[in-house]
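The values are calculated or read from the model by the stated rules, or taken from the named source; none is laboratory data. The structure presented is a predicted model; accordingly, all values stated were derived computationally and were not measured. Note: ideal-geometry Cβ built from the backbone for every residue, glycine included; neighbour counts use all protein chains shown. Accessible surface is based on the protein model in full, side chains and every heavy atom, while ligands, DNA and RNA are left aside. Shrake-Rupley method; radii C 1.70, N 1.55, O 1.52, S 1.80 Å.
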Amino acid sequence: MDTRPSWDDYFMKIAQDVATRATCLRRHVGAVVVRDKRILSTGYNGSPPGQPHCTDVGCLMEEGRCIRTLHAEQNALIQAALHGVSTEGATLYGTCRPCHVCARMVVGAGIRRVVFAGDPPDGWGLDVLTGAGVELVRMPEAAPTAEKD
């Protein structure tokens with residue numbers, strides 16, 4: 001009997017590890033982009049290059065949200081683009097659901113499958129993903145994405 005984790009469990013665990021690099025004080029999120037069982041890129045929520053991190057100068061709050069950081073999904077897609085790696089047909093693993101902005105980026109980047117922990121996408125984000133035929137897979141256990149007030 002094979003006791004190894006499934007591919008989804010394996011890559012979600014890596015996304016959880018990536019989340020430990022997050023620099024936002026409010027939430028730690030990780031993302032991993034995979035195609036053909038190979039990691040293409042990773043990302044966590046943190047400030048753009050050359051900008052101060054929340055861990056150093058505090059969160060920059062606007063309408064109850066920190067706007068200092070890029071989302072994990074955004075950083076994973078930016079890293080792939082920066083290094084010339086196509087994400088067409090890939091799977092994105094995230095420690096939480098993609099927001100409506102990240103959902104649009106996922107569709108635009110050609111991601112075909114999103115595996116996430118926690119609550120499912122809702123509202124316009126869900127409409128964008130399902131309208132583009134992106135397969136959504138919710139993991140049975142929510143990943144730690146602790147929010148701090």
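Here is how the numbers come out for the structure above:
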{"read-out": "Nonlocal amide H pairs with G118, under 5 Å, H built at 1.01 Å", "value": "M139, A142, A143"}
{"read-out": "The chain, accessible surface, carbon-and-sulfur percent (1.4 angstrom probe)", "value": "51"}
{"read-out": "Table column - 3J(HN,Hα) (Hz), region 6-18, Karplus curve with 6.51, -1.76, 1.60, x for Gly and Pro", "value": "5, 4, 4, 4, 4, 6, 5, 4, 5, 4, 5, 5, 4"}
{"read-out": "Pairwise label distance in nanometres, V85 with E63, each label 7 Å out on the Cα-Cβ vector", "value": "3.2"}
{"read-out": "Cα shape, region 68-117, gyration tensor, a/c 1.5 rule", "value": "oblate"}
{"read-out": "Dipole magnitude of the chain about its Cα centre (Cβ charges: Lys, Arg +1; Asp, Glu -1), debye to nearest 20", "value": "280"}
{"read-out": "Additional length obtainable on full extension of the chain from D119 to H53, 0.36 nm per residue less Cα span", "value": "21.1 nm"}
